[in-house]
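See below for the structure under consideration.
The values are calculated or read from the model by the stated rules, or taken from the named source; none is laboratory data. The model shown is predicted, which means the values in this text are computed figures rather than measured ones. Cβ: placed from backbone, ideal geometry, glycine included. Neighbour counts: every protein chain shown. Remember, those area values only see protein heavy atoms, side chains included, never the ligands or the DNA or RNA. Shrake-Rupley method; radii C 1.70, N 1.55, O 1.52, S 1.80 Å.
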Amino acid sequence: MGIDIRSMTPEELTDALKAMGEPAFRGKQVFTWLHRGVRSFEEMSDIPKALREKLAAAYRLGGLTAAQKQVSRLDGTAKYLWELHDGNCIESVVMRYRHGNTVCISSQVGCRMGCAFCASTLGGKIRDLTAGEMAEQVMFTQADSGLPISNIVLMGIGEPLDNLENVLRFLELVNHPLGMNIGMRHISLSTCGLVPGIRRLAELELQLTLSVSLHAPDSETRSRIMPVNRAYDVDELFAACHDYFARTGRRISFEYAMIDGVNDADWQADLIVKKLRGMPGHVNLIPLNDVVESPLKPSRRVRQFQQRLENQGVTATVRRSLGGDIDASCGQLRRKVMGREEQGQ
Ligand code: SAH
């Protein structure tokens, strides 16, 4: 059905349009329309009709359609289930914070990282998202919710560093002055710890915020709950994080979902302190979201753990949970809908 035109950079569009015999300025013009969120070529009112028809014949535009939407009555958090052009589903969530509205987007359909506590990985990875599909989550969420989006977090379904080329392209698109023009400092990327990807980001010296899903500071525990640790263990991960900080000067945020009797012991807090030495890390403690399919249970020691980190000079916050009355955490809504389809409802 043609290639996804919303994934193309202004330069690529300019080249493609020149090859169609069009003047150079058309590329930027089309890019501007695409990143304002048009759903059809028809809407590009200052593009000649003949060209709009040629583009419609050559390219695919508009992959995402809203399949379901839930809005929290508690805090206005809105969760979207999007259907893609091939029938697959992904999720995005808009959260309303004092510092601005933030959209959390997915980077893959499913995930192949296999973390024991995560709903997104249960059915494995189906495919990568294109840059255009990631950009559409931002612009369509903004259009539908009416909330101007100022921040993006790549923390939805999927592992962004397992789809790095498309993610880098997505960053270029949303950061572009003719596009949504969202500054790198307003974008966070969360990874389970794919070390080569972290090293690549460091080389690029992007000013985004890197979040690392740590969840355990010792290799034995981490390998048990995060299979990625068997490929890149805690020591390799921390070495990459220290290098990342040295290169970019950007403080890393470490995500830590607290699991009862697994990663919430005092010695584990002490080990985090030790491994962070030399780098101004920030630990974000997350009360584990209960995933029905998983035997892991939320910790009851979140405050003690936080205190122990703070007492030793490590900044630790407890993540406020939004959207508690809707299926707002990763992969939960998609699982529910997939389950229903499997049962033929
Ligand atoms: N693949 C990326 C981004 C997606 S997950 C990553 O691993 O970072 C976003 C965050 O939610 C990660 O920190 C992940 O570990 C965490 N998470 C997943 N399932 C969770 C659960 N049941 N409770 C709390 N946090 C969870």
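The figures follow:
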{"item": "Surface share of carbon and sulfur [accessible, 1.4 angstrom probe, percent] for segment 16-169", "result": "50 percent"}
{"item": "3J(HN,Hα) from dihedral phi, segment 312-320, Karplus parametrisation 6.51/-1.76/1.60, rounded to Hz, x for glycine, proline", "result": "9, x, 9, 5, 9, 10, 9, 5, 6"}
{"item": "Spatial separation of Cα centroids for segment 81-156 and segment 223-271, in angstrom", "result": "24 Å"}
{"item": "Positive dipole terminus of the chain, leading residue within Ser321, Val103, Gly37 (C-beta point charges)", "result": "Ser321"}
{"item": "Size of electric dipole in segment 10-106: Cβ of Lys, Arg +1 and of Asp, Glu -1, about Cα centre, debye, nearest 20", "result": "360 debye"}
{"item": "Two-decimal ratio, segment 209-316, of alpha-carbon radius of gyration to 2.2 N^0.38 Å", "result": "1.03"}
{"item": "Prolate/oblate/rounded call for segment 54-187, Cα gyration tensor, a/c under 1.5 rounded", "result": "rounded"}
{"item": "Note, ³J(HN,Hα) from phi for segment 273-284, Karplus 6.51, -1.76, 1.60, rounded to Hz, x at Gly and Pro", "result": "4, 5, 6, 7, 3, x, 8, x, x, 10, 9, 9"}
{"item": "When each of Lys18/Lys54; Lys18/Lys49; Lys275/Lys297; Lys125/Lys297 is checked by Cα-Cα distance, pairs over 22 Å", "result": "Lys275/Lys297; Lys125/Lys297"}
{"item": "The chain: calculated mean residue ellipticity at 222 nm from DSSP helix runs of at least 4, using -39500 (n - 2.57)", "result": "-11000 deg cm²/dmol"}
{"item": "Long-range amide H partners of Val153 with built H, under 5 Å", "result": "Val103, Cys104, Ile105, Ser188"}
{"item": "Spatially proximal aspartates and glutamates relative to Lys28 (Cα-Cα < 20 Å; intrachain offsets below 8 disregarded)", "result": "Asp4, Glu11, Glu12, Asp15, Glu42, Glu43, Asp46, Glu53, Glu133, Glu136, Glu172"}
{"item": "Phi-based couplings in Hz for segment 146-157 (Karplus 6.51, -1.76, 1.60; Gly and Pro marked x)", "result": "x, 9, x, 8, 10, 9, 10, 10, 8, 9, x, 5"}
{"item": "Cα-based reach from Lys79 at 12 Å (exclusive), listing aspartates and glutamates while leaving out same-chain residues under 8 positions away", "result": "Glu91, Asp144, Asp325, Asp327"}
{"item": "In degrees, nearest ten, helix 131-145 long axis to first principal axis of the chain (Cα)", "result": "90 degrees"}
{"item": "The chain, accessible area per residue, ligands and nucleic acids excluded (1.4 Å, Å²)", "result": "44 Å²"}
{"item": "Segment 1-49-segment 282-306 distance, computed between alpha-carbon centres (Å)", "result": "46 Å"}
{"item": "Total charge dipole magnitude, the chain, about the Cα centre, Cβ charges on Lys, Arg, Asp, Glu only, Debye to nearest 20", "result": "660 debye"}
{"item": "Semi-axis lengths (Å, descending) of the ellipsoid that matches the C-alpha gyration tensor of segment 137-191", "result": "19, 14, 10"}
{"item": "Listed residue (Cys192, Ala58, Leu214) projecting farthest to the positive dipole end of the chain, Cβ model", "result": "Leu214"}
{"item": "Dipole magnitude of segment 86-128 about its Cα centre (Cβ charges: Lys, Arg +1; Asp, Glu -1), debye to nearest 20", "result": "160 debye"}
{"item": "Computed over the chain, the ratio Rg/Rh where both radii use C-alpha atoms and Rh is Kirkwood", "result": "0.99"}
